[in-house]
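Throughout, read-outs are computed from the coordinates displayed, never taken from laboratory work. Please read these numbers as outputs of a predicted model, since none were measured by experiment. We place every Cβ from the backbone using ideal geometry, glycine too, and count neighbours over all the protein chains shown.
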Amino acid sequence: MKILHKILVAICLMGVSFGAFAQQQITGTVKDQHGDPVIGAGILVQGTTLGTVTASDGSFSISVPANSTLSVSSIGFETQVIRLAAGQTRVDV
């Protein structure tokens, strides 16, 4: 009986730890005030070392922890800080 209890506790703890590291895929585009793509804009997840840059069409894709805050920056533009809502998968700046 003790072994069964230990196994159940271990399974529950694994479920909790996997939930703590849940990731979500965020996609989007970064455009300037004229609607033109911003090439090479940096997309960083605040408080981490996770980041990416936009492609030639201004698009990006990044896997982030749940409840993340993104920082979007590029030379000549004001940095934008975006707090992701629960379940949000798209960000257009």
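Put simply, the amide H of K31, placed in the peptide plane, has neighbours under 5 Å in V38, V93, leaving out anything fewer than 5 places away on its chain. Amide H contacts of Q24: V64, A66, each under 5 Å away and 5 or more positions distant or on a separate chain (H built 1.01 Å from N in the peptide plane; Pro and chain starts excluded). Pick out, in residue order, every one of the chymotrypsin sites (Phe, Trp or Tyr not before Pro) in segment 21-93 that is DSSP loop and has at most 16 other C-beta atoms within 10 Å; say none if there are none. Answer in residue order: F21, F77.
For segment 38-51, backbone phi angles converted through the Karplus equation (6.51, -1.76, 1.60; θ = phi - 60°) give residue-by-residue couplings of 9, 7, x, 5, x, 10, 10, 8, 4, x, 9, 9, 7, x Hz, Gly and Pro being listed as x.
Its residues counted as N, segment 19-71 yields a C-alpha radius of gyration over 2.2 N^0.38 Å of 1.20. Along the Cα-to-Cβ line of T27, 7 Å from the Cα, sits a label point; which residues in segment 62-88 have backbone N less than 12 Å from it? Inside the label zone: 62.
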